[in-house]
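Each value in this text was obtained by applying a stated rule to the coordinates, not by laboratory testing. Please read all numbers here as calculations on a predicted model, not as lab measurements. Ideal geometry is used to build each Cβ from the backbone, glycine not excepted, and the neighbour counts take in all protein chains shown.
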Amino acid sequence: VKVTTSKKYDGFGVSAASDKNIKIENLDENNIKITAIKSGTVKVKIVLSANKKVARTLKIKISDKEEFVYGEIVKVTGKNFEKEVLQAKGKVIVDYSAKWCGYCQMLEPIYEEAAKIRQLYKFTRVDADEEADFVLEQGVFGLPTLQLYENGKLTKVGGYKKNMTVWDLIDWIER
């Protein structure tokens, strides 16, 4: 969590109702480090030092399970396809690509930028070299291939187009 104030009101204090799940360290007047000790839920209160009435309480869920982080591209395999794509809520974009494929390499920075811009969607990638049998099972015969899933249902198939921009890709997803 990043908290910013004017220079006039510098300095924060942080406390937790229960410190069993976290460790709080005051690095200096403006920097506090919170470290998770074990999974669970904790309420952390942030208070402005200059005015104790200015405060926020954040409820933080700490999990030992790996969670999907929006804005990142999730690696998909034949083993995790059901969980990562078919069981996911909302829009999921699957990029089938290979390192040797020139068009895949042209699409890669566009795809990565789209993942950062549209963090409400889940962007995934299947390495066609590592998952050759799975790629064929999915009916993918050309690279790169993009598949758009909505709530587990395949709704659209596409690929790289000459002079494609990140906004062309986002438009394809959102149309």
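A few remarks follow.
- Rg/Rh ratio calculated on Cα atoms of the stretch 40-175 (Kirkwood radius): 1.13
- Taking the DSSP bridge list for the stretch 59-169 and keeping only pairs wholly inside it, about 55 percent are antiparallel.
- Pairs from the table (Lys20/Lys59; Lys38/Lys79; Lys59/Lys122; Lys99/Lys122) lying more than 19 angstrom apart at Cα are Lys38/Lys79; Lys59/Lys122; Lys99/Lys122.
- Spatially proximal lysines relative to Lys52 (Cα-Cα < 17 Å; intrachain offsets below 8 disregarded): Lys7, Lys8
- Shape analysis of the stretch 72-141 places it in the oblate category; the axes a ≥ b ≥ c from the Cα gyration tensor give an a/c of at least 1.5, with a/b not above b/c.
- Its Cα centre serving as origin, the stretch 43-156 has a Cβ charge dipole (Lys and Arg +1, Asp and Glu -1) of approximately 1380 debye.
- Near Val166: Cβ cut-off under 13 Å, other residues only, Lys/Arg at +1 and Asp/Glu at -1. The net charge is -3.
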